[in-house]
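Here the structure is laid out as structure tokens; the discussion comes afterwards.
Laboratory data are not the source of any read-out in this text; all were calculated from the coordinates shown. As the structure is a computational prediction, the values presented were derived from the model and not from experiment. Virtual Cβ from ideal backbone geometry, glycine too; neighbours counted across all protein chains shown.
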Amino acid sequence: MKPNDKNIAWIKEPRLGLAGRSYLLLFTKGLTTTLKHLLRRKQTVQSPEQRHELPNPLIYRGVHRLNRDEQGRVKCVACFLCATACPAHCIDIVAADHRSAAVPGPWPDREKYPQTFTIDELRCIFCGMCEEACPVDAIELTSLYDLSGKSREEMIFDKEKLLSVYDQTKDAEPMKTKRMKDEGFTDLRPLTSDF
Amino acid sequence: MQPILEPLLKIALLIVALMTGAAYLVLLERWIAAWVQDRLGPNRVGIPLTKYRLFGLGQPLADGVKFLFKAEFTPSHVDKALFFVAPLAIFITSIVVFAVIPFGSVLPPDGFPASWGIHEPIRLVAAPGVDVGMIYVFAVGSIAVYGVVLGGWASNNKYSFIGGMRSSAQLISYELPLGLGILGVVLASGSLRLDTIISQQAQAGVWNVFTQPLGFVVFCVAAFAEAARLPFDLPEAEQELVGGYHTEYSGIKLMMYMVAEFLHMVAAAFLIVILFFGGWHLWGVTGDQSGTGPFFGQQTSLANTPQAENMDLSPSETPAQGGQSHFRGGNAGEGTDAFPAAKIGTVPITWPVALLRIIVLLAKVMAVILFFMMARWSWPRFRYDQLMDVGWKVMIPWGLVNLVVVAVWMEYGDRLTRLLGVSPAKSMALVGWIALFMSWLVITVIDPTSSRNRPRPRLPAEGDFPERT
């Protein structure tokens, strides 16, 4: 790059005034700034004893859960929309047709149900597209953020685990459809986009 | 037994205190860093295997154990012998410096059991009575440069080498202002002994920082640079040099470098306190002269350099009520010296005073260390050329000015004192502050450190880069 390149903006270094050149002003300024911060209230949240206060848990994208309906059955209808929408390909569903199954499930109102439903939480990028794609609001992202495990296998969540996440969080975070009804929303979109 | 056992005990105490002190200073440094950044800092590690956290006071132990058990990797391309010697050089010298640095005044002999056979006051220096104390500190302290240079060279790695080179340039450059800064103090007190310098300030009741502010500024800045603390931390500019000269070091060798760095800071803090802040002296608290008498010669007049030690004088043989009354007052007639020349007797020191002096000295040192740690976050680092400019174009001239001013005042100051009708210390302080103000003003106006090395919007002319043929 040549010095007369049009893309270079030449800036003249401003010459310091007498106060600046004496360094005294800068000296006191720096010291007072650090002293102020030394005595200020600290920002640290002492996790895990204290929990972070999420600014809006409704739109937080943490660990997944599989919702249950009123009768305690899994809401998922195994339509594969979430697995299709998933950019990380971390959702694996094996669907079963309960009408043709050997032991018919207790779902006379549905065609299919997920025989297995696994999410590889290590592969997941927590984008929330599964939640947006789901037509029956079965899969949701909770506000649990501290997800950890001791092995890779432990981090592959199966259907039971995902349902247990629901059981854990349903009181603190009711299902989004229910919440929206309470708050008078009719359209789903305001919740899933950032508002 | 006393002549053998006493120094050994003092050395053991000193090494233990320095090692634990350095470990806890690391914790303090991390705390201050955290607090300044609105964080809490390490507060988890307490007593192992229990739930007691003790505000994180177990952290240094955990850090030390971690360092000891870390893999110590020696790259295949290094110079094995020098690679091993370099951290030792810097580590050992940083401890050995403390041999002549007093960590208190004296302990009275009367508190000990008679069977111990202690009849003389115990002086709280590992090597008491070294007449060339200051020279020793500088001689040993300068060897620390070898640790840096050898570490960078032996690593056989161009980045370590660059780091080592520029830090050796920095350390050598700032040796000069460091020496110039103390010359004024040495001149004013007439001694190179650190304990004499303290007792001079205590007896005058005026600390050197008030009479030689310019020397203090020079020494303080140079001490920061020698200890390689921010804003002069170019030796291991963590963001740019990947650790500088100790890039290739790991495990216990790295720990030696780290500990040596903290010990340098502690030594610098001790020197600042001893030379400029009166050591263990605090007005009205520590007894201005008790216990100082027989160790520095009977006269503390400046004309006399300290005499050979007269250790046989035990306090019981000397008049117990010597100088206290006749020190501050009745020496207006002998105004030719920088400080009142008091022909004092010996006031035996008492235990409370002895302990208070230790506390006062350590509290002052702690305050200086806290300032060191606060300074780290207060100002941005100097660029390399600015560092050199500050060293050569500001600090060395200031040091010379201070030396000249003190020397001239020592010669002709009594006239000024008589003219003004004030005490010698006051007239010296007046001259010192005027010198500080004037030299600061001169530097501000002529601004020797402003950089003229910015790239210019100019195409290279025809002959600027001759073509290679």
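A few notes on this one:
- Percent of Cα pairs exceeding the 19 Å cut-off, where the set is region A:1-136: 73
- For A:Leu141, the shell of other residues with beta-carbons less than 11 Å away shows a net charge of -1, using +1 for Lys and Arg and -1 for Asp and Glu.
- Region B:18-158 - Rg (one decimal) and Dmax (whole number), Cα, Å: 20.9, 63
- Whole-number D in µm² s⁻¹ for region A:18-57, Kirkwood Cα-pair radius fed into Stokes-Einstein, 37 °C, 0.692 mPa s: 246
- In this structure, B:Leu49 and B:Arg383 have a Cβ-Cβ separation that, at R0 = 41 Å, corresponds to a calculated FRET efficiency of about 0.25.
- Sorted by Cβ neighbour density within 10 Å, fewest at the top, the residues B:Phe112, B:Phe232: B:Phe112, B:Phe232
- Set of region B:34-53 residues, backbone N closer than 20 Å to the point 7 Å along the Cα-Cβ line of B:Val65: B:42-53
- Principal-axis analysis of the Cα atoms of chain A puts helix A:24-39 at an angle of about 30° to the longest axis.
- Label-point separation, A:Thr33 to B:Ala114 (7 Å along Cα→Cβ), nm: 6.7
- In region B:104-173, the C-alpha radius of gyration followed by the widest Cα-Cα span (Dmax) gives 21.1, 63 angstrom.
- Compactness of region B:16-93 as Cα Rg over 2.2 N^0.38 Å, two decimals: 1.42
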